[in-house]
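The values are calculated or read from the model by the stated rules, or taken from the named source; none is laboratory data. All figures in this text were calculated on a predicted structure; none of them were measured in a lab. Positions of Cβ are backbone-derived with ideal geometry, glycine not excepted, and every protein chain shown enters the neighbour counts.
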Amino acid sequence: MNGSNKLAPPNSTVQSFLQKLAETPGRRGRLVFALDATASREPTWNEARRIQAEMFDTAAAVGGLEIQLCYYRGTAEFRASPWLTRAADLRRCMAEVTCLGGFTQIGRVLEHTLWEARQSRVDALVLVGDCMEENVEALCQRAGELGLLGVRAFLFQEGQDPVAERAFTQLAKLTRGAHCRFAHDSARQLADLLNAVAAYAAGGLPALERFGRRRGGLVLQLTDQMNRRP
């Protein structure tokens, strides 16, 4: 992704769909949104941050979600925001994040999400990253625990690193979630994937399926993977 790749205005059909979700009686969805902020993400970080903030602006505006922003960077830094319900607060939190060289800390993301899910319901975990440098077996154990708690993990991989792809696919399967790769230069692909998870968190699998039929493309990969889970 580069600075010249501008995200199109939110589709009116998407806005209408999310508005209907908000008007449906029921609880808010709760979503942990985790980002890899190590140095390898720096070339695409500014564009990705803008896409993610705009997507959650739309979701927060219709009142369907509570979002917690998490990120890791450096050798041992991991941070998590409070639960946020206002788009302005989420945008402020994201604007403060810059990239710093280091290693992946996906294990800490999973541990944190487990802790949150044991305190109160969490509908989904989203992780956006491009590599994986940890013990996969240990991560799979944590992912299995998340699956038992009903937390589905959506792992969105930037690029084509084969190690990350194998690990992300396993983690998704263990939580009955989904894994998708998106291109470095595709703002639209990432925006569609994030909007899809917002729909799932707010309205469950039926809402995700409806969204997938509207958007097509990579979003259909999410619904296909989740429908194949036992």
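Going through (1) within 16 Å of the chain's Cα centre (by Cα); (2) modelled with pLDDT under 85; (3) within 21 Å of Val32 (Cα to Cα) one by one, His179 falls short only on (2). Note on segment 147-161: residues that are of a type outside the set (Gly, Ala, Ser), over 15 Å from the mean Cα position of the chain (by Cα) and at pLDDT 95 or above amount to 2. Here Arg118 passes the criteria (1) touching a residue at least 12 places away in the same chain (Cβ under 8 Å); (2) surrounded by 13 or more Cβ atoms within 10 Å (Cβ to Cβ) except the one numbered (2).
Residue count for segment 140-155, restricted to those that are in contact (Cβ under 8 Å) with a residue 24 or more places away in the chain, surrounded by fewer than 22 Cβ atoms within 10 Å (Cβ to Cβ) and among the aliphatic types (A, V, I, L, M): 1.
All of Leu110, Leu100, Leu90 fail the test of being farther than 23 Å from Ala183 by Cβ, surrounded by fewer than 18 Cβ atoms within 10 Å (Cβ to Cβ) and touching a helix residue (DSSP H, G or I) at 6+ places or on another chain (Cβ under 7 Å), apart from Leu100.
Selection of segment 155-180 for residues being in contact with a Phe, Trp or Tyr (Cβ under 8 Å, 6 or more places away or on another chain) and outside any helix (DSSP H, G or I) yields Leu155, Phe156, Gln157, Glu158, Gly177, Ala178, His179, Cys180. Can you find even one residue in segment 190-209 that is closer than 20 Å to Asp130 by Cα, assigned to a helix (DSSP H, G or I), among the charged types (D, E, K, R) and over 12 Å from the mean Cα position of the chain (by Cα)? Taking every residue of segment 190-209 in turn, none turns out to be closer than 20 Å to Asp130 by Cα, assigned to a helix (DSSP H, G or I), among the charged types (D, E, K, R) and over 12 Å from the mean Cα position of the chain (by Cα). Within segment 92-111, being assigned to a loop (DSSP other than H, G, I, E, B), in contact (Cβ under 8 Å) with a residue 40 or more places away in the chain and not small (Gly, Ala, Ser) holds for Val97, Thr98, Cys99, Leu100, Phe103, Thr104.
Scan segment 62-85 for residues that are in contact with a helix residue (DSSP H, G or I) (Cβ under 6 Å, 6 or more places away or on another chain) and part of a loop (DSSP other than H, G, I, E, B) and the total you get is 4. Take the residues in segment 28-81 that are modelled with pLDDT under 65 and among the β-branched types (Val, Ile, Thr), then tell me which one is farthest from the chain's Cα centre (by Cα). Filtering first and then ranking leaves Val62.
Leu127 - would you say it is surrounded by fewer than 18 Cβ atoms within 10 Å (Cβ to Cβ), in contact with a strand residue (DSSP E or B) (Cβ under 6 Å, 6 or more places away or on another chain) and either in contact (Cβ under 8 Å) with a residue 24 or more places away in the chain or not in a strand (DSSP E or B) (or both)?
The answer is no for Leu127.
When residues in segment 133-148 are screened for being within 14 Å of Ala172 (Cα to Cα) and either part of a loop (DSSP other than H, G, I, E, B) or acidic (Asp, Glu) (or both), 2 of them pass.
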